[in-house]
Amino acid sequence: MERDLNHLVEKLQKAFGERLTSVVLYGSAAVGDHQARFSDYNILCVLSKVTPLELGEAEPIFHWWRKCGSPSPLLMSEHEVRNSTDCFAIEFHDIKERNRLLAGRDVVGGLVLDNSFYRAQVEYELRAKLLRLRQKAAGVLSNRDLLLRLLADSVSTFCVLFRHALSLSGVEARFPKREVVGQAKEAFALDPEPFLTLLDLRDGQRKARDVDPVPLFTRYMEQIQIVVDAVDRLEK
């Protein structure tokens, strides 16, 4: 993947020249906690400005990057990076805490985060992801393979949100997903079993045939709701 990251930087530099301020890899891949089958390579691309011209120049690069298996880079202007940390608190916490500068100037290291809406955003994302999980599960509940895949695809996102819930609760949250689950057990009286089962499936430590997905799904939703309620009770 290092080769693809280098090619991405080269393409961005060639397309934008002096308008390219910074290229940042963030998330699990930046710190080596990456699972190839389930994780993406997340890129923040900062330009001096973002207009339809820049979007048109980015189109073939982003198309190529998606073919490599990762989502399009997050394209932002310098002004947006400085002034969006309140409404994108989760995203900027993630970017600031786990990042690797690939090119240009470090626009993340000295970034001041505004936590005015942090708690509300964490609760919103937890509730929205839980509702979305229910919606998707309703369409695959009778298909054990699809249901297990749905659950395995979602566990990483919930671990990320649990880490933010822990931080809001005054816990110095760790990054590895299994450690986050362990901390959530202590902080929220969470049953870690559904999450550890799904992480075992992701990591190839457990076979899908040995897991009954419907009871797992039931316990999984119950434990997510415990964290939702804990965040809801935090001072508003």
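The values are calculated or read from the model by the stated rules, or taken from the named source; none is laboratory data. Everything numeric here is computed off the predicted structure, so don't read it as measured data. Cβ atoms come from the backbone with ideal geometry, glycine included; neighbour counts cover every protein chain shown.
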Can R37 be described as part of a helix (DSSP H, G or I), loosely packed, with under 12 Cβ neighbours inside 10 Å and modelled with pLDDT under 95? no
Go over the candidates S156, S167 one by one and state the one that is at pLDDT below 95 and assigned by TED's automatic domain parsing to the domain that holds V228. S156
Whether any residue in the stretch 90-106 is over 26 Å from V155 (Cα atoms), without any contact (Cβ under 8 Å) to a residue 40 or more places away in the chain and surrounded by 14 or more Cβ atoms within 10 Å (Cβ to Cβ) is what I want to check. no
Considering only the stretch 216-227, state which residues are farther than 13 Å from S169 by Cβ, among the β-branched types (V, I, T) and touching a helix residue (DSSP H, G or I) at 6+ places or on another chain (Cβ under 6 Å). I224
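On the given criteria, is L161 out of contact with any Asp or Glu (no Cβ under 6 Å at 6 or more places or on another chain), aliphatic (A, V, I, L, M) and modelled with pLDDT of 95 or more? Show your work before the answer.
On the way: out of contact with any Asp or Glu (no Cβ under 6 Å at 6 or more places or on another chain): no; aliphatic (A, V, I, L, M): yes; modelled with pLDDT of 95 or more: yes.
So L161 does not fit the description; no.
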Looking only at residues that are small (G, A, S), more than 18 Å from the chain's Cα centre (by Cα) and in a helix (DSSP H, G or I) in the stretch 167-225, which one is nearest to D153 (Cα to Cα)? A208
Of the numbered conditions (1) assigned to a helix (DSSP H, G or I); (2) of a type outside the set (S, T, Y); (3) surrounded by fewer than 16 Cβ atoms within 10 Å (Cβ to Cβ), L113 fails exactly one; give the number of that condition. (1)
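Just checking, does the stretch 201-212 include any residue being in the same structural domain as L161 (by TED's automatic domain parsing), within 28 Å of Y118 (Cα to Cα), touching a residue at least 40 places away in the same chain (Cβ under 8 Å) and not hydroxyl-bearing (S, T, Y)?
Within the stretch 201-212, not a single residue is in the same structural domain as L161 (by TED's automatic domain parsing), within 28 Å of Y118 (Cα to Cα), touching a residue at least 40 places away in the same chain (Cβ under 8 Å) and not hydroxyl-bearing (S, T, Y).
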